[in-house]
1. Filter segment 16-25 down to residues that are surrounded by fewer than 23 Cβ atoms within 10 Å (Cβ to Cβ) and more than 10 Å from the ligand (Cβ to nearest atom), then give me how many there are.
2. Taking segment 35-53 as the search range and keeping residues that are of a type in the set (A, V, I, L, M) and part of a helix (DSSP H, G or I), which one is farthest from the ligand (Cβ to nearest atom)?
3. So which residues in segment 54-66 are touching a residue at least 60 places away in the same chain (Cβ under 8 Å) and either surrounded by 22 or more Cβ atoms within 10 Å (Cβ to Cβ) or within 12 Å of the ligand (Cβ to nearest atom) (or both)?
4. Is segment 171-187 home to any residue that is basic (Lys, Arg) and within 29 Å of Thr48 (Cβ to Cβ)?
5. Out of curiosity, is Phe31 within 16 Å of the ligand (Cβ to nearest atom) and either buried (at least 21 other Cβ atoms within 10 Å of the Cβ) or in the same structural domain as Tyr193 (by the TED database) (or both)?
6. Considering only residues of segment 68-101 that are of a type in the set (Val, Ile, Thr) and more than 16 Å from the ligand (Cβ to nearest atom), which is farthest from Val26 (Cα to Cα)?
7. Out of all the residues in segment 218-234, is one or more in a loop (DSSP other than H, G, I, E, B) and at pLDDT 95 or above?
8. Do the conditions hold for Glu195, that is, is it in a helix (DSSP H, G or I), among the acidic types (Asp, Glu) and in contact (Cβ under 8 Å) with a residue 24 or more places away in the chain?
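The values are calculated or read from the model by the stated rules, or taken from the named source; none is laboratory data. Please read all numbers here as calculations on a predicted model, not as lab measurements. Heads up, the Cβs are rebuilt from the backbone with ideal geometry, glycines too, and the neighbour counts pull from every protein chain shown.
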Amino acid sequence: MKAVEFDHLVKDYGSLRALNDVSFSVEQGQFFGLLGPNGAGKSTLINTMAGLVKATSGQAKVMGNDVVSSATAARRALGLVPQELIADPFFNIRQLLTLQSGYFGLRGAKQQTWIDELLERLSLTDKAGVDTQQLSGGMKRRVLIAMALVHRPQVIVLDEPTAGVDVDLRRTLWQFANELHQQGHTIILTTHYLEEAESLCDSVGIMQKGQLIALEKTQDLIARHPFRHLQLELEQPVDLAGLLNRAEFAKDVFDVQKLSAIKFRIKLAKIVTTAQMLAWAQQQSVAVADIRWQDAKLEEVFLNITESVS
Ligand SMILES: Nc1ncnc2c1ncn2[C@@H]1O[C@H](COP(=O)(O)OP(=O)(O)OP(=O)(O)O)[C@@H](O)[C@H]1O
């Protein structure tokens, strides 16, 4: 059974097609990154999964449960941390979490122990009796996280959880998310911080204009797009850009950035080995002092994919 499954999902808002025939699945136990530029359809997809948005056609399932025909079971399997911050004038944090537990039929001492644990983990213990209206933005976000986890869902969806949060909460959040992942929960994360996605997510899906345009293991995706940066230090100043323009692999040279008179950062679109590079330098009578490679980052791969599709 897949953690989540989308089958030919379409969502129209009037004449705007926010989801255009999206089909893919996320395996149980994955830490999955859902990426895409603003307006790509990520939130629409997530909200469809959570039963908050009704698809125009197609199907979405959470842990095998159709989000429409088995809505209660699907909702129970999912914990969504939404983007928007809440403020409830009537309840304090503990009351809110107890109420949320009640929606899932969870009551009693065992549930209160779990609520205590959530409060502790999210550094909210001191604030448990405070009305949510009086909380800062970051604390409201912690409450949202606790609310999403109150029923210990198998699938946890974090919709841009670190937008505008401080370093401390960001660290707490990733530590907690990693722990939940290790305990076997499936985590689905949308974020515009691609460094976060690269370090946390084992697989990523990239959406653009309502369609899924890439779906791969994070490392495979990066490896398949052979950008590498070469940091080259020369013994003496040389017009490296000029020389490279005349080189046989000139078409592969992406960008030459002069860092100093002798230091360059070269972005290559094709893998060139160190030996090839050194042989070429020798041919050109360029004395190389140091050569260092750096792999592409998810951010560059992402920009390359989304730019080539748009
Ligand atoms: N309730 C709505 N009514 C009309 N159009 C909507 C509604 N919700 C979203 N849209 C439109 O659907 C498209 C997809 O929006 P969505 O919020 O899913 O994108 P996103 O990838 O989550 O973007 P972001 O990264 O900015 O959060 C956008 O063009 C948006 O304007």
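1. Summing the residues that are surrounded by fewer than 23 Cβ atoms within 10 Å (Cβ to Cβ) and more than 10 Å from the ligand (Cβ to nearest atom) in segment 16-25 gives 5.
2. Step by step, filter segment 35-53, then rank; the result is Met49.
3. Val62
4. No, segment 171-187 contains no residue that is basic (Lys, Arg) and within 29 Å of Thr48 (Cβ to Cβ).
5. Judged against the criteria, Phe31 is not a match.
6. Checking each candidate, the answer is Ile93.
7. Within segment 218-234, none of the residues are in a loop (DSSP other than H, G, I, E, B) and at pLDDT 95 or above.
8. yes
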